[in-house]
Structures are given as structure tokens and as C-alpha cells.
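Here the structure is laid out as C-alpha cells; the discussion comes afterwards.
The values are calculated or read from the model by the stated rules, or taken from the named source; none is laboratory data. Only a predicted model underlies this, so the values are computations on that prediction, with no experimental measurement involved. Virtual Cβ from ideal backbone geometry, glycine too; neighbours counted across all protein chains shown.
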Amino acid sequence: MYGLADYGYMITDQVRTGAYVKALRATVKPGSAVLDLGTGTGIFALLACQFGARRVYAVEPNDCVQLAKKIAVANGFMDRIEFIQDVSLRTTLPEKADTIVTDMRGVLPFYRENLRSIIDARQRLLKPNGTLIPQIETLWAAVAEVPDLYRLHLSPWNENPHGFDMKPALEMVTNQWRRARLKPEQLLSEPKSLAILDYASLESPNLKGKVCWIAGRAGLAHGITVWFDSVLADGVEFSNAPGKPELIYGNAFFPWPKPVILDLTDTISFELMADLVGTDHVWRWNTTIRTQDKLSPIKARFNQSSFLGEPLSPDRLRKSSVHFVPHLNMDGRIDAFIVKLMGEGISLGDIASQVLNQFSAPFSCWKDALTRVGKLSQKYSQ
């Protein structure tokens, strides 16, 4: 979830925000209805009003939407913006939008439920001939030589100053990708397109892309870097490719378990997959490096996954098994009791009193019980 400082960085990113200004100015027509998906502090909603929108529906689950309302009032647009504090997947509108604008990316467009939300909004909330901003995004990939970044990734587990053997963590850390900023001279191959996201026809929030290179120059390769180019509207684009003006997103770096010395004749095959599981993606990346030597053509082969990058508890995995029969623990019994009372039209204060009477041990006082009840109220009540 973004914080206030993150929203500030987004607004002051002149390349990113400037491109959105151009796209909105070219797209929003006087009298049009606009859906601002993930409005944050409301900058796109304000711009849409400035360019003539009759009505803007600004959807945002984060509490920062309350600040967005104050900013809308300060700029005289509150009468034209309807703020909806919820996820778009649960949102309905009184009319369909002429334009949907969004930037809910992370380092890559595959960020949490970003793509699922865009697909759903296009299908339910956009007019048949409506416009999406962005329109198309292309993922690019290249082989990277980044010794300093790789060392930073692994050194706490390889070279810790306390003399302990921390190597059991190495398998996990090399199955985690991270945000980075690369320079063109750190690429050992030409960039190649990994996938194209056409938001007008996109149907799946998952990714499966494959590319193959012949090493562009010899060097010590440490993994693959991935970035995206975005087309917001006709003639309005930006890119966070290495060498382009720095954007808030950065590049993604997918490390290998160990560096590989590449020769000019080596062939590198790379497959990247991302599957939305719950509210986040599980990433997998497979790499095969081949030489021209017919006797031993495989120089290296890596099969990696962010699933292996998490220190998962066997007990937690057992409790997720399809065959597991759950029994409520104390927290579960308390929450079930609270939710039951919430359905009976009782005030939170009275629910807290009953909770304290029924489950005295976990709570030191009535205020503690009220805090617990209030959290469930925020999550489940209307």
C-alpha cells in the first residue's frame, strides 16, 4: 500500500505525470465521465475536471482518499468528483465512463490486483467505445552484468561480519527479484520484447513470456533485467528503460543463483511467468545458457520462483492443504463471536462489552476489546 510520501514522488515525477497530463488533455472531452482507478490523492481526477469532465468517479481503498477530498474542495472540484473508498472490483457506477485512467503499477504492471482491476473495469464500467489510459504496455528484457547489485543482494548471507554460516538463506534470496536502476552499459544483450499488454483486449492478469538472445558481448552475467514502455494515448508515451530519464518505477532485476561467464557465441533462453494467487503474483523465471560446444552445450540452467524465496512454515502450508480440516483457535472464536453480533444490529460498544464478558483473558480492558471490534467493523461493515 502506498504512503503519502509515495504519492508525492508520483506527482513530482515530471516524465510520468507530464505524460498523463498530455494523455488526459487529449482524451477527456467536455461533458465526459471519467473513472480514476486508484485515485490516490486525486491528481488525475483534478486534471480530468480541469480538462472538462462533467463527472469523475475517483476510486481508492486507501484512507488517503480523505485527503483527496480535501484537495478537491480546495480546488473547487468537489461538486464534480465522487470519491468512492473501496476497491474497484466491488464498485458500481450510476453510468459507464467515457475514459478510465489508472496508474496502479509497481516496478512492473503486474502489481497486486492492478491488471485484474483494469480488466474488470473495462468490462463493467467503460462505455463500448470508451478509452483506456494507458492503452498498451510492452515488457522488455535484457541480460545484465551488475556485480555491485548482485553483491548487495547476496552479501548479508555470504559475507556477514559476525562469522556465522548464513548460506541457508542464499537459495531464498536468489529466488526473490528486486527493484533496481540499471545503465545501458550494464546490458550484455540487446533488449527484446517479453510481452505486450493491450488493455483494450487483455483477458488475464497473468504473464507468460519467453525470449532468446545471443550474447551481445562477453562478460559476467548476474541475471535478467525487465522494464516496460507505456503508450498512454496516441503520441503520448514514456519508458523506464535503462538510459531513459529516471522514473519512479525503476527496473526489475531477476538474479541467477550464481553468476555466469558469457562468451559472444553463447545463447541465453529466458522464460518469465507471473500468476496471480490471491492478491499478489507468484513469479517464476527459467534460464538456459548454451554454448557452441556440441559435447557439453549446456553451460547453465536455472529454474527459480518467488515461492521458493519465502521462508514458509510447514505448519502454515499444512493449514492450506485441500485436505486440512480446520478448527477455530481462540482468535477465530473471538472474531466469529464478534461477526455474529455485528449481524444482530448491536452497537460496537455493546459488542465490546459482550466480548470482554465472554473472552476476558485476551483483553486487559473494555477499550482493548473495542479496538478488536472496531478493526473487524472496518473490514466487514457497510
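Within the range 37-50, residues that are on the phi < 0 side of the Ramachandran plot and of a type in the set (Asp, Glu) have Cβ atoms under 6 Å from residues that are at pLDDT 95 or above and buried (at least 24 other Cβ atoms within 10 Å of the Cβ) in no pair, counting only partners at least 6 apart in sequence or on another chain. Might you let me know whether the range 180-192 holds any residue that is closer than 30 Å to Arg122 by Cα and not small (Gly, Ala, Ser)? Yes - at least one qualifying residue is present in the range 180-192.
For beta carbons closer than 9 Å, sequence separation of 6+ or different chains, a first residue in the range 299-328 that is without any contact (Cβ under 8 Å) to a residue 24 or more places away in the chain and a second that is assigned to a strand (DSSP E or B), the qualifying pairs are Arg301/Asn286; Arg301/Thr287; Arg301/Thr288; Arg301/Ile289; Asn303/Arg284; Asn303/Trp285; Asn303/Asn286; Asn303/Thr287. Quick check on the range 116-126. Is at least one of its residues β-branched (Val, Ile, Thr), more than 21 Å from Gly278 (Cα to Cα) and touching a residue at least 24 places away in the same chain (Cβ under 8 Å)? The answer is no, given that none of the residues of the range 116-126 is β-branched (Val, Ile, Thr), more than 21 Å from Gly278 (Cα to Cα) and touching a residue at least 24 places away in the same chain (Cβ under 8 Å).
Name the residues in the range 193-232 that are in contact with a helix residue (DSSP H, G or I) (Cβ under 7 Å, 6 or more places away or on another chain), farther than 22 Å from Arg179 by Cα and not in a loop (DSSP other than H, G, I, E, B), would you? Passing the criteria: only Leu232.
Name the one entry in Asp266, Asp293, Asp234 that is surrounded by 13 or more Cβ atoms within 10 Å (Cβ to Cβ) and in the same structural domain as Asn158 (by TED's automatic domain parsing). On inspection, the qualifying residue turns out to be Asp266. Filter the range 171-192 down to the residues that are in contact (Cβ under 8 Å) with a residue 24 or more places away in the chain and not in a loop (DSSP other than H, G, I, E, B) and list them by number. Residues satisfying the conditions are Glu171, Met172, Val173, Arg178, Arg179, Ala180, Pro184, Gln186, Leu187, Lys192. Count of the range 251-284 residues, restricted to those that are more than 27 Å from Arg151 (Cβ to Cβ) and outside any strand (DSSP E or B), is 3.
Looking only at residues of the range 139-169 that are in a helix (DSSP H, G or I) and among the hydrophobic types (A, V, I, L, M, F, W, C), we find that the one that is surrounded by the fewest Cβ atoms within 10 Å (Cβ to Cβ) is Leu152. In the set (1) surrounded by fewer than 18 Cβ atoms within 10 Å (Cβ to Cβ); (2) under 17 Å from Tyr2 (Cβ atoms); (3) modelled with pLDDT of 95 or more, the condition left unmet by Gly52 is number (2). Checking each residue in the range 296-338 for being over 30 Å from Gln176 (Cα atoms), out of contact with any helix residue (DSSP H, G or I) (no Cβ under 7 Å at 6 or more places or on another chain) and surrounded by 10 or more Cβ atoms within 10 Å (Cβ to Cβ) picks out Met330, Asp331, Gly332, Arg333, Ala336.
For the range 22-31, residues that are in a helix (DSSP H, G or I) and either surrounded by 18 or more Cβ atoms within 10 Å (Cβ to Cβ) or under 20 Å from the mean Cα position of the chain (by Cα) (or both) total 3. Just a yes or no: is a residue in the range 242-262 surrounded by fewer than 22 Cβ atoms within 10 Å (Cβ to Cβ), out of contact with any helix residue (DSSP H, G or I) (no Cβ under 8 Å at 6 or more places or on another chain) and among the polar types (S, T, N, Q)? For the range 242-262, residues surrounded by fewer than 22 Cβ atoms within 10 Å (Cβ to Cβ), out of contact with any helix residue (DSSP H, G or I) (no Cβ under 8 Å at 6 or more places or on another chain) and among the polar types (S, T, N, Q): absent.
Matching residues to (1) of a type in the set (Val, Ile, Thr); (2) at pLDDT 95 or above:
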| site | (1), (2) |
| --- | --- |
| Trp283 | no, yes |
| Asn286 | no, yes |
| Ile289 | yes, yes |
| Gln292 | no, no |
| Leu295 | no, no |
| Ile298 | yes, no |
| Arg301 | no, yes |
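When you scan the range 80-93, do you find a residue that is of a type in the set (A, V, I, L, M, F, W, C), touching a residue at least 40 places away in the same chain (Cβ under 8 Å) and assigned by TED's automatic domain parsing to the domain that holds Ala121, even just one? Checking the range 80-93: at least one residue is of a type in the set (A, V, I, L, M, F, W, C), touching a residue at least 40 places away in the same chain (Cβ under 8 Å) and assigned by TED's automatic domain parsing to the domain that holds Ala121.
Looking only at residues of the range 91-125 that are under 19 Å from the mean Cα position of the chain (by Cα) and basic (Lys, Arg), we find that the one that is nearest to Glu137 (Cα to Cα) is Arg105.
Select, from Leu276, Leu264, Leu295, the only residue that is hydrophobic (A, V, I, L, M, F, W, C), more than 18 Å from Ala142 (Cβ to Cβ) and more than 26 Å from the chain's Cα centre (by Cα). Selected residue: Leu295, the only one of Leu276, Leu264, Leu295 that is hydrophobic (A, V, I, L, M, F, W, C), more than 18 Å from Ala142 (Cβ to Cβ) and more than 26 Å from the chain's Cα centre (by Cα).
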